[in-house]
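Report on the structure given below.
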Amino acid sequence: MENAAISKPGLSDLYHWDRTLVWHAFTQMADYEPFLIESGKGCVIVDAEGREYIDGVSSLWCNIHGHRHPTIDAAIREQLDKIAHFTNLGGSNSTAIRLAKRLVDITPEGLDHVFFSDDGATAVEVAIKMAFQYWRQRPNPRPEKTCYLAIGDGYHGDTLGSVSVGGVERFHAMFQPLLFETLRVPAPDTYRTPPGVAKGDLCEYHLQKLEQILAEHHHRIAAMVIEPLIQAAAGMIMHPPGYLRGVRELTRKYDVLMIADEVAVGFGRTGKMFACEHEAVSPDLMCLAKGMTGGYLPMAATLATSEIWRAFLGTHVESKTFYHGHTYGGNPLGAAAAMGTLDVFEQDHTLENLPAKITRLSDRLARIARLPHVGDVRQRGLIAAIELVQDTASKTPFPWEERRAARVCDFARDRGIWIRPLGNIVVVMPPLAISVEQLDRIAEAVEQGIAKIGD
Ligand SMILES: *Cc1c(COP(=O)(O)O)cnc(C)c1O
């Protein structure tokens with residue numbers, strides 16, 4: 001291939017290479033159709049042929065303040081004029097240090113130490129390994145605590161440790177032979193409730209299930225991993241109020257660490273900065289990624305309590321060091337993007353502006369809920385899920401081969417709205433910076449799409 005052809009390829013070359021050279025994530029490459037985005041501004045993205053779309057799922061749940069936000073752009077440029085990268089292994093840089101301080105200040109009380117990595121999955125791996133090592137090294141060691149407790153249908157990323165604690169059958173079943181042991185409690189799903197359990201008793205029912213497992217196995221459980229309030233990738237499964245708080249109380253009672261995976265729900269998504277705040281919960285370990293850099297650069301953090309941190313302190317010969325790291329952990333450009341992102345929360349009053357948008361989305365969802373084949377609409381903050389079912393009374397799903405929700409998304413895309421489904425669920429998860437007018441346009445396309453494709 002000549003250089004000229006690579007530096008200035010035609011669109012058809014790009015499409016061809018995109019189909020044949022690039023192996024896309026979670027994508028069947030045999031029938032992949034290129035969707036090539038070249039630019040973006042605010043909540044609008046623009047494809048290679050100049051078509052505009054409203055970014056209805058925040059470039060996969062990570063964009064918060066829109067694309068090309070001047071404050072974040074400037075923060076990265078300023079950092080670029082200093083240094084792009086320096087290692088976190090025995091070294092540091094002031095931007096990452098300041099970010100660590102800021103994260104400690106805004107996260108729930110007790111999380112006073114920050115380990116940086118690159119992605120949500122790595123943030124979870126770090127938490128899993130820290131929990132394991134903690135029990136071996138703390139003053140009163142309990143090395144028999146080696147297994148994990150997680151929620152059925154949980155999703156924590158795609159590396160083997162995070163897949164081990166994950167439980168989405170369709171993604172994870174293939175890799176079963178490679179995974180370590182994880183105990184599971186059923187997802188406290190407020191839509192598909194167990195037979196005979198009334199909505200008002202759901203939380204209590206699931207906390208009892210949890211307590212049974214903890215009572216029986218706590219001596220060997222290192223940590224419980226949970227996506228607070230909402231299990232995102234499982235299909236935006238929403239937990240009953242009180243469950244998170246109950247998990248915190250029970251994990252304390254049975255001396256099991258609590259890992260809160262706020263990768264999807266952190267940074268304002270649920271209406272508060274962190275989902276744990278809704279139930280005044282302080283976990284022992286907290287994982288952050290996706291929205292942390294406003295959807296600009298890969299960066300993640302695992303926050304830990306001082307009790308965990310202290311178990312890793314010692315002389316060199318004691319070998320208590322956490323032997324784990326990622327080359328780009330604490331990357332200054334990523335840290336600058338994260339600092340810029342947090343600045344925008346203050347400058348643009350992001351959280352203060354949310355309630356009006358959340359209410360508007362609720363109003364629109366109420367209309368969508370009346371359409372045929374809409375089994376459930378659920379919402380928390382600026383996360384909305386519309387579940388399409390064959391039969392609403394029995395909640396029977398459509399056969400997945402029919403790609404109902406995907407077809408609604410295709411319909412919306414033809415009308416300038418970019419959204420992505422999860423199975424039979426249409427997801428709306430726009431940047432927090434979305435305008436009410438843009439929200440209306442997304443809802444309009446979804447409503448029309450469901451009316452058309454639902455039948
Ligand atoms: C997306 C996600 C992850 C994985 O994050 P990556 O950055 O894709 O590795 C982990 N946990 C939750 C809850 C997520 O939604």
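Some observations on this one:
- Residue count for region 49-72 satisfying the condition of being without any contact (Cβ under 8 Å) to a residue 40 or more places away in the chain and part of a helix (DSSP H, G or I): 1.
- Any chance Gly166 is within 16 Å of the ligand (Cβ to nearest atom) and within 30 Å of Leu313 (Cβ to Cβ): no
- One residue from Ile237, Ile226, Ile308 being touching an Asp or Glu at 6+ places or on another chain (Cβ under 6 Å), buried (at least 18 other Cβ atoms within 10 Å of the Cβ) and either β-branched (Val, Ile, Thr) or at pLDDT below 95 (or both): Ile237
- Taking the criterion of being within 17 Å of Glu33 (Cα to Cα) and either assigned to a helix (DSSP H, G or I) or of a type in the set (A, V, I, L, M) (or both), the only residue of region 418-449 that qualifies is Ile419.
- With respect to the conditions (1) closer than 25 Å to Ala264 by Cα; (2) touching a Pro at 6+ places or on another chain (Cβ under 8 Å), His85 falls short on a single one, namely (1).
- Considering region 111-125, the residues that are aliphatic (A, V, I, L, M) and within 9 Å of the ligand (Cβ to nearest atom) include one that is nearest to Thr95 (Cα to Cα), namely Ala123.
- Residue check for Asn88: within 19 Å of Pro431 (Cα to Cα), touching a helix residue (DSSP H, G or I) at 6+ places or on another chain (Cβ under 9 Å) and not small (Gly, Ala, Ser): no
- Just one of the listed residues (His373, His326) is assigned by TED's automatic domain parsing to the domain that holds Lys101, touching a helix residue (DSSP H, G or I) at 6+ places or on another chain (Cβ under 8 Å) and crowded, with 18+ Cβ neighbours inside 10 Å, namely His326.
- Residue in region 248-269 that is surrounded by fewer than 23 Cβ atoms within 10 Å (Cβ to Cβ), under 30 Å from Ile419 (Cα atoms) and either within 11 Å of the ligand (Cβ to nearest atom) or not small (Gly, Ala, Ser) (or both) present: no
- Scanning region 137-163 for residues that are more than 13 Å from the ligand (Cβ to nearest atom) and either small (Gly, Ala, Ser) or farther than 30 Å from Gly314 by Cα (or both) yields a count of 1.
- For region 28-48, a residue qualifies if it is small (Gly, Ala, Ser) and part of a loop (DSSP other than H, G, I, E, B), and exactly one does: Ala48.
- Only one entry of Ile128, Ile97 meets the criterion of being out of contact with any Ser or Thr (no Cβ under 6 Å at 6 or more places or on another chain), part of a helix (DSSP H, G or I), more than 17 Å from Ala25 (Cβ to Cβ) and more than 15 Å from the ligand (Cβ to nearest atom), and that entry is Ile97.
- Residue match in region 68-76 (condition: modelled with pLDDT of 95 or more, small (Gly, Ala, Ser), surrounded by 14 or more Cβ atoms within 10 Å (Cβ to Cβ) and touching a strand residue (DSSP E or B) at 6+ places or on another chain (Cβ under 9 Å)): no
- On the stretch given as region 352-409, residues that are in contact (Cβ under 8 Å) with a residue 60 or more places away in the chain, of a type outside the set (D, E, K, R) and in a strand (DSSP E or B) total 7.
- Scanning region 186-200 finds no residues that are touching a Ser or Thr at 6+ places or on another chain (Cβ under 6 Å), surrounded by 13 or more Cβ atoms within 10 Å (Cβ to Cβ) and not assigned by TED's automatic domain parsing to the domain that holds Thr396.
- Residue in region 270-282 that is of a type in the set (Ser, Thr, Tyr), more than 16 Å from the ligand (Cβ to nearest atom) and either in contact (Cβ under 8 Å) with a residue 40 or more places away in the chain or in contact with a Pro (Cβ under 9 Å, 6 or more places away or on another chain) (or both) present: yes
- The residue that is farthest from Gly423 (Cα to Cα), counting only those in region 353-377 that are charged (D, E, K, R) and in contact with an Asp or Glu (Cβ under 8 Å, 6 or more places away or on another chain), is Arg360.
- For region 146-167, the criterion of a residue being exposed (fewer than 15 other Cβ atoms within 10 Å of the Cβ) and either without any contact (Cβ under 8 Å) to a residue 60 or more places away in the chain or among the small types (Gly, Ala, Ser) (or both) is satisfied by at least one position.
- Residues of region 201-210 classified as in contact (Cβ under 8 Å) with a residue 12 or more places away in the chain and surrounded by fewer than 16 Cβ atoms within 10 Å (Cβ to Cβ), total: 1
- Meets criteria (over 30 Å from Tyr296 (Cα atoms) and either away from the ligand (no atom under 16 Å from the Cβ) or of a type in the set (S, T, N, Q) (or both)) for Glu181: yes
- Test: Asp105 is within 28 Å of His324 (Cβ to Cβ) and either in contact (Cβ under 8 Å) with a residue 12 or more places away in the chain or within 16 Å of the ligand (Cβ to nearest atom) (or both): no
- Residues located in region 291-300, provided they are more than 12 Å from the ligand (Cβ to nearest atom) and either out of contact with any Ser or Thr (no Cβ under 7 Å at 6 or more places or on another chain) or not assigned by TED's automatic domain parsing to the domain that holds Val114 (or both): Tyr296
The values are calculated or read from the model by the stated rules, or taken from the named source; none is laboratory data. Remember, it's a predicted structure, so these values are computed and weren't measured experimentally. Here Cβ is always computed from backbone atoms with ideal geometry, including for glycine, and neighbour counts include all displayed protein chains.
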